[in-house]
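Student: Handing you a structure now.
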Amino acid sequence: MANNGRRSVKAKKGPTIGTGGHGRKALEGKGPTPKAEDRPYHKAHKSKQLAERSAAKRGTGARSAGAARSGPKGRATEEVVTGRNSVVEALRAGIPAKALHIAIRIEMDDRVKESLKIAAERGIPLLETGKPELDRMTDDAVHQGLVLQIPPYEYQDAYDLAEETVARWKKGHVANAPLFVALDGITDPRNLGAIIRSVSAFSGHGVIVPERRSVGVTASAWKTSAGAAVRVPVARAANLNSALKQFKNMGIFVLGLDGDGDVSLPDLALATEPVCIVVGSEGKGLSRLVRENCDQIVSIPIDSAMESLNASMAVGISLYEVSRQRAK
């Protein structure tokens, strides 16, 4: 009665149609479950990445505010200026730029608007860039959606610059005798920028920096020079002492600035001759070998209560005195 008079049909014995083993791989699984820190979307994975970044930053050391370096390891890196204040100040100062990168859907303010306006007036390419790419370019520095790419500075050779200047002076193409400033152990780019500005103000012909253990023309130096870096060439010397010896062979007198000088600056008799003024770092002063290669060591009279002058200030005072004597 339960089956209404019908008999149940039993399955036949023997082989039946199946998958033929096609689903065997699906039954094998995908192996052991990855650790939480290795799963891209897990919170632990992000924590691991942050820890690795922090360790990398501690290994590379601190960076100056507003500037960072980008580029693959083992290759020459390209400098960038980051942050809204730094970018707009750099553009105001006329720093050369390859491109201005702007974050997609950036929140506009007066600094961003001014940066876009200056960049457009100067013909600097404007590139809309995603935040991950901006983070990569700046090595995770704070960029606030604005990154200015700075091209590498093209240094002249110290010997070539001096030789060319001396030749032009002898032919009457340069009114004043050659006047250079060489830096010995100075590593602060703001000092370099201020020195470039002084050299420009007092009709100098160039600044000489060593290739090693010395400051270079960075975005900070450009900004401090207030655009003077466009007019004053900065040359590199593979070895500063060798360059000074070559200068002397060309007839350029090498004058070192030091508190214990052979001659006081107002009594300087070589001001009207071709001159290269060498300044050392504020703490260490001139190195021994550089001091030995100087024709004279010149001191600036100051109040005995003041131990020393800032390098850029000492250069500015010295250049003023040279310019004053040349104008007589």
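The values are calculated or read from the model by the stated rules, or taken from the named source; none is laboratory data. Everything quoted here is computed from the prediction, not taken from an experiment. FYI the Cβ positions are ideal-geometry reconstructions off the backbone, even for glycines, and counts take in every protein chain you see. For accessibility, only protein heavy atoms count, side chains too; no ligands or nucleic acids. Shrake-Rupley method; radii C 1.70, N 1.55, O 1.52, S 1.80 Å.
Student: Just reorder ARG324, ARG105, ARG84, ARG197 by solvent-accessible area, largest first, 1.4 Å probe, all chains present.
Tutor: ARG105, ARG197, ARG324, ARG84
Student: Once each part is reduced to its C-alpha centroid, what is the distance from the stretch 181-253 to the stretch 77-143 in angstrom?
Tutor: Taking the Cα centre of the stretch 77-143 as reference, the centre of the stretch 181-253 is 28 Å away.
Student: Additional query: Under a plain spin-label model, where a point goes 7 Å from the Cα along Cα-to-Cβ, how far apart in nm are GLU292 and VAL230?
Tutor: Distance between the two pseudo-spin positions: 4.4 nm.
Student: Next question. Relative contact order for the stretch 208-328 using alpha-carbon pairs under 8 Å, separation at least 6, rounded to a whole percent?
Tutor: Relative contact order, the stretch 208-328: 26 percent.
Student: Here's a follow-up. To make sure I understand the rule: partners must be aspartates and glutamates, Cα under 16 Å from the Cα of LYS223, and not fewer than 8 residues away in the same chain. Which ones qualify?
Tutor: Hits, sequence-local ones excluded: GLU79, GLU89, ASP188.
Student: In whole Å and largest first, what semi-axes does the C-alpha gyration tensor of the stretch 93-219 yield when each eigenvalue is scaled by 5 and square-rooted?
Tutor: 37, 17, 13
Student: Magnitude of the Cβ-charge dipole of the stretch 170-272, K/R +1 and D/E -1, about the Cα centre, nearest 20 debye?
Tutor: About 560 debye.
Student: Roll a 1.4 Å probe over the protein heavy atoms and report the accessible area of GLU89 in Å², nearest 10.
Tutor: Surface open to solvent at GLU89 totals about 80 Å².
Student: What number comes out for the charge environment of ASN293, summing +1 per Lys or Arg and -1 per Asp or Glu over other residues with Cβ under 11 Å away?
Tutor: Here the charged neighbours net out to +1.
Student: Classify the stretch 274-328 as rounded, prolate or oblate, taking a ≥ b ≥ c as the square roots of the eigenvalues of its Cα gyration tensor: rounded when a/c is under 1.5, otherwise prolate if a/b is larger than b/c and oblate if not.
Tutor: Cα axes put the stretch 274-328 in the oblate bin.
Student: Can I ask one more? For the stretch 144-282, rounded, prolate or oblate, judged on the Cα gyration tensor with a ≥ b ≥ c (square roots of eigenvalues), a/c < 1.5 rounded, else prolate if a/b > b/c?
Tutor: Prolate shape, in that a/c is at least 1.5 and a/b is the bigger ratio.
Student: In terms of modelled amide H atoms, which long-range or inter-chain residues lie less than 5 Å from the amide H of CYS276?
Tutor: Counting only residues 5 or more places away or on other chains, the set is PHE180, PHE253, VAL254, LEU255.
Student: Normalised by the number of residues in the stretch 143-302, what is the relative contact order in percent for Cα pairs under 8 Å and 6+ residues apart?
Tutor: Computed over the stretch 143-302, the figure is 26 percent.
Student: Related question: Is the stretch 225-328 best put as rounded, prolate or oblate by its Cα gyration tensor, with a ≥ b ≥ c the root eigenvalues, rounded for a/c under 1.5, and otherwise prolate when a/b is larger than b/c, oblate when not?
Tutor: rounded
Student: Follow-up. Residues with beta-carbon under 13 Å from that of ALA269, excluding ALA269: net charge, scoring Lys, Arg +1 and Asp, Glu -1?
Tutor: -3
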